[in-house]
Amino acid sequence: MKNKSLGSKLLSAPYIVWAALFIIVPLIIMLYFALTNEAGVFTLANLSEIGKYKKAFGLSILYAAIATVITLLLAYPMAYFMTKLKISSQRMLLLIVMLPMWMNFLIRTYSWISILANTGIINTFLGKLGLGPVQLMYTPGAVILGMVYDFIPYMILPIYSVMSKLDKSLLEASEDLGANAFVKFKKVILPLTRPGIISGITMVFVPSVSTFYISQKLGGNKTMLIGDAIEYLFNLGVDYYNIASAISMVLMIMILVCLFVMNRFNDDDDGGVVI
C-alpha cells in the first residue's frame with residue numbers, strides 16, 4: 001500500500017506542479033497587483049476605479065447570457081437528435097461537432113469577417129437579390145453570433161454525453177403510465193439531463209463573459225466588453241497593471257459566484273424523477 005501510495009504521489013506530481021505554475025501563481029500575482037499600488041503598498045483604491053467600467057461589465061454579462069441561451073436552444077435538440085441515430089452516425093456527427101475545435105480559435109473567429117463583411121458572402125448574395133448590403137459587421141448581433149459559433153461545441157458535448165446514457169426503461173415506464181411526449185420531456189428527460197445542461201451553460205457562459213478577441217474583430221470599436229477593457233489596460237503599460245488586475249479579480253469573483261449558483265441548481269438529491 002505504501003508503494004502504491006508513493007507511486008500515486010509521483011504520478012500526480014507533474015499535475016500539481018502544472019497547477020501551481022499556471023493557476024495558483026498567476027492568481028497570486030493578480031491579487032498582488034489588484035490590492036497594491038505602483039509602489040507595492042496595500043490599497044483598495046484600485047477597486048474604486050472599477051465603476052468606470054460598469055457598462056463593459058453589463059454588456060459582457062448581457063451578451064454572454066444571450067449567447068448562452070441561444071447556444072442551449074440550438075444544442076439541446078441537436079444532442080437529442082444525435083442520440084436517436086445509429087452509433088456510426090453519432091460518431092460521425094460528434095466528429096463534425098468537434099472538428100472546428102481542432103482549428104485555431106483566432107482563425108475561426110476571423111473567418112466570420114469574410115462572411116459578414118459588406119463584401120462578404122451573405123451581402124454578396126443579398127446584393128444579387130437587390131436586398132443588400134446590410135450592416136452585419138460591428139454589431140452586437142455579430143459579437144453574439146461569434147460567441148455562439150465558437151462555444152456551441154462546449155454545450156453540445158456535455159448534453160449529448162448525459163443524454164446518450166439515459167435509462168430507456170424510464171422512458172418506457174413514463175409511456176406506460178400515460179405520459180405524452182411533452183410530459184415525458186418535462187418530467188423525465190429534462191430532469192435527467194440537467195447535469196449536462198448545467199455543465200454546458202457553465203462551459204459557454206464563463207468564456208463568453210471574459211472574451212475579448214470576438215468583440216474586437218466582430219464588434220469593432222463600437223463594442224467594448226470587460227475582456228477588451230482588461231487587455232487595453234494591460235497594453236498601456238506597467239502603470240495600469242493594478243487597475244487591470246483589480247478588474248480581473250472582480251470578474252473572477254463574479255464568475256465564481258455564477259458557478260456556485262449553477263451548482264446549487266445541479267443538486268440531484270431530489271428523490272428521483274416523478275411522473
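The values are calculated or read from the model by the stated rules, or taken from the named source; none is laboratory data. Everything numeric here is computed off the predicted structure, so don't read it as measured data. Cβ coordinates were reconstructed from backbone atoms using ideal geometry, including for glycine residues, and neighbour counts include every protein chain displayed.
Can you find a residue in the stretch 147-168 that is of a type in the set (S, T, N, Q) and part of a helix (DSSP H, G or I)?
Taking every residue of the stretch 147-168 in turn, at least one turns out to be of a type in the set (S, T, N, Q) and part of a helix (DSSP H, G or I).
Specify which of the listed residues (SER245, SER210) is under 21 Å from LEU72 (Cα atoms), under 25 Å from the mean Cα position of the chain (by Cα) and of a type in the set (Gly, Ala, Ser).
SER210
Does the stretch 18-25 include one or more residues that are touching a residue at least 24 places away in the same chain (Cβ under 8 Å), of a type outside the set (Gly, Ala, Ser) and surrounded by 10 or more Cβ atoms within 10 Å (Cβ to Cβ)?
no
Within the group ALA79, ALA65, which residue is within 21 Å of the chain's Cα centre (by Cα) and crowded, with 20+ Cβ neighbours inside 10 Å?
ALA79
Could you list, in sequence order, the residues of the stretch 194-218 that are under 19 Å from LEU116 (Cβ atoms) and surrounded by 24 or more Cβ atoms within 10 Å (Cβ to Cβ)?
SER208, THR211, ILE214, SER215, LEU218
Scan the stretch 228-246 and tell me whether some residue there is modelled with pLDDT under 90 and part of a loop (DSSP other than H, G, I, E, B).
No: zero hits.
Could you grab the pairs with beta carbons closer than 9 Å, sequence gap of 6+ or different chains, first residue in the stretch 205-219 and on the phi > 0 side of the Ramachandran plot, second one part of a helix (DSSP H, G or I) and at pLDDT 90 or above?
Every condition considered, no pair remains.
Residue-wise test of (1) under 18 Å from ILE198 (Cα atoms); (2) modelled with pLDDT under 95.
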| position | (1), (2) |
| --- | --- |
| LEU126 | no, yes |
| GLY132 | no, yes |
| GLN135 | no, yes |
| THR139 | no, yes |
| ILE144 | no, no |
| VAL148 | yes, no |
| MET155 | yes, no |
| SER161 | yes, yes |
| SER164 | yes, yes |
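With the checklist (1) within 31 Å of the chain's Cα centre (by Cα); (2) of a type outside the set (A, V, I, L, M, F, W, C); (3) modelled with pLDDT of 85 or more in hand, flag the one item SER12 doesn't pass.
(3)
Going by what's in this entry, would PRO207 be described as at pLDDT 90 or above, touching a helix residue (DSSP H, G or I) at 6+ places or on another chain (Cβ under 9 Å) and closer than 20 Å to MET101 by Cα?
yes
Return the only residue of LEU73, LEU59, LEU85, LEU93 being crowded, with 16+ Cβ neighbours inside 10 Å and either in contact with a strand residue (DSSP E or B) (Cβ under 8 Å, 6 or more places away or on another chain) or free of Cβ contacts under 8 Å to residues at least 12 places away in the same chain (or both).
Only one candidate passes the filter, namely LEU93.
Looking at LEU190, LEU171, which one is touching a residue at least 12 places away in the same chain (Cβ under 8 Å) and part of a helix (DSSP H, G or I)?
None of the others qualify; the one that does is LEU171.
Only one of these is farther than 29 Å from SER114 by Cα, crowded, with 19+ Cβ neighbours inside 10 Å and touching an Asp or Glu at 6+ places or on another chain (Cβ under 9 Å): TYR241, TYR160. Name it.
Sole residue among the options that is farther than 29 Å from SER114 by Cα, crowded, with 19+ Cβ neighbours inside 10 Å and touching an Asp or Glu at 6+ places or on another chain (Cβ under 9 Å): TYR241.
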